[in-house]
Structure formats: structure tokens, C-alpha cells
1. So which trypsin sites (Lys or Arg not before Pro) in the range 142-212 are both in a DSSP loop and have at most 16 other Cβ atoms within 10 Å of their Cβ?
2. How large a share of the accessible area of the range 75-116, in percent, is made up of carbon and sulfur atoms when the probe is 1.4 Å and the other protein chains stay in place?
3. Please turn the phi angles of the range 53-59 into ³J(HN,Hα) values with the Karplus equation 6.51 cos²θ - 1.76 cosθ + 1.60 (θ = phi - 60°), one per residue in order, whole Hz, x for glycine and proline.
4. Along the Cα→Cβ direction, 7 angstrom out, place labels at E135 and R106. What is the inter-label distance in nm?
5. Go through the range 79-88 residue by residue and turn each phi into a ³J(HN,Hα) via Karplus (6.51, -1.76, 1.60, θ = phi - 60°); whole Hz please, and just put x for glycine and proline.
6. When Lys and Arg each count +1 and Asp and Glu each count -1, what net charge do the other residues less than 13 Å away from T100, Cβ to Cβ, add up to?
7. Report the label-to-label distance for S113 and D210 in nanometres (one decimal), using points 7 Å from each Cα along the Cα→Cβ vector.
8. So which trypsin sites (Lys or Arg not before Pro) in the range 52-104 end up in coil per DSSP with only 12 or fewer other C-beta atoms within 10 Å?
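The values are calculated or read from the model by the stated rules, or taken from the named source; none is laboratory data. In this text, all values refer to a predicted model and were calculated from it rather than measured experimentally. No Cβ is skipped: glycine too gets one built from the backbone with ideal geometry, and neighbour counts run over all protein chains shown. Calculation scope for accessible area: heavy atoms of the full protein, side chains included, ligands and nucleic acids excluded. Shrake-Rupley method; radii C 1.70, N 1.55, O 1.52, S 1.80 Å.
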Amino acid sequence: MKTATSPRKRTTAAGLTGALWAALIGGAGALFAGAATAGPFGFDLESSVEPSRLYSFCSEGDGHWNYLCTTAPKPHPEMDTYLVRFVKNVGICGVRGVITDIYTDRSGSHLRSQTDSIANQIKIKYGQYSFKIDELEGRSFDSPSLWMYSLSEGLRDYYYYWNLSDLPAAHRSSINSIIVNATAFSISEGYLLVDFYTPLEDSCEKAMSDVF
């Protein structure tokens with residue numbers, strides 16, 4: 001899989017509780033940033049304070065993305081859920097925006113167009129994406145009518161990825177990478193994950209592994 005960890009693997013590792021919580025864990029460009037010191041969706045990426053203390057709409061949970069926020073300081077009009085990964089004594093490792101309940105046909109036309117639209121919005125602020133992936137494991141599922149089935153079964157990847165080296169210099173100190181990832185509950189319902197990872201991601205992983 002090219003040069004980036006598959007978003008499918010990142011999502012699977014999340015491990016939250018509840019139906020949607022479990023599924024999730026594992027011009028227009030201005031919508032992805034707030035004030036000058038804020039990051040995507042207006043979250044302060046440099047804060048060392050737990051998100052639940054800093055924002056009244058965030059609560060601590062379990063899993064990789066360990067804070068659930070019902071809105072954001074600068075919410076995107078199409079996103080209904082936000083997740084933050086925060087590690088004590090390290091800081092904010094990433095911010096995730098989610099569009100849930102994207103109903104579509106078996107070919108995934110609406111889910112794909114929604115994914116493309118959000119990626120194009122991000123491109124306005126963060127520049128051209130490094131690459132786009134639309135890959136299928138197994139030619140037996142290479143049919144438009146099986147597009148959503150292969151996605152829901154983890155046999156297909158559909159996402160956009162921004163590498164650190166391709167981001168504008170002004171954003172490299174706060175954003176390490178960006179992923180816009182389409183995934184699916186079933187052959188008729190999908191959801192979209194928009195992940196912004198900070199340069200603290202590796203430090204967060206190390207801090208968590210040190211307990212072993």
C-alpha cells in the first residue's frame with residue numbers, strides 16, 4: 001500500500017464503545033481552520049489541557065480517538081461528530097471530523113462524490129493531495145454493483161492522502177498528514193472520516209507503549 005498506513009487499519013485500531021462509537025474508532029478551505037492559533041475545525045492543536053476541560057462539548061472515552069465532541073469550535077456544516085486523540089503529558093495527536101449516515105447506491109456514487117467534495121475543500125487550504133487511492137483486493141469484486149460491498153468488507157480502499165512534505169510550509173509545524181477516507185457500514189450506508197494528524201503522533205504512540 002504505497003507510502004502511507006492504510007486508513008482501514010487506522011480505523012480498525014480505534015476501538016470505541018457503542019454502535020457508531022465502535023464503527024468510528026479504529027472559501028471552503030477556511031472551514032477547516034479557526035483563529036490563527038487554532039487548527040482544523042478550530043481546535044487548538046498546541047493545547048496541553050484535556051479536551052474535556054477545554055471544550056464543554058467534548059467528553060473522554062475509550063480507544064485510540066479518546067475524546068468525543070458533539071461539535072467543534074469551528075464546525076464544518078456537513079460534519080456531525082468530532083474526535084480528538086489526546087495523550088497526557090504529550091498533547092493533541094490528531095483531530096477527526098466525521099460525516100455519518102451517507103446513504104448511497106451499491107456503486108457508492110454518493111459516498112464517493114462526498115469524499116471527493118471534502119478532499120477538494122481541503123485542497124483549497126492545504127494544497128494538492130499527495131495521492132488518491134482507489135484499490136480493490138480481488139478482481140472478483142471488480143463490478144460497480146459490488147463497490148459498496150467490497151468497501152464494507154474491508155476489500156477496498158478509497159481515500160485521499162496528504163504527506164508532510166507536500167503540505168504548505170505554513171502548516172508543517174502543526175499538521176503532519178491528512179487523510180480523507182470513505183468507509184461503509186453496509187451496501188447502502190457509508191461514512192466519511194477526515195483525519196488531521198499532528199507532529200506529536202509518534203510521541204503519542206511512544207508514550208502509550210512505554211506503559212508496557
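1. R172
2. That fraction is 44 percent.
3. 8, 7, 10, 5, 8, 10, 9
4. Each label point is offset 7 Å from its Cα along the Cβ direction, giving 2.7 nm.
5. Going residue by residue, I get 9, 10, 9, 9, 10, 10, 9, 10, 10, 4 Hz, with x marking Gly and Pro.
6. -3
7. It works out to 4.9 nm between the two label points.
8. Hits after loop and neighbour filter: K88.
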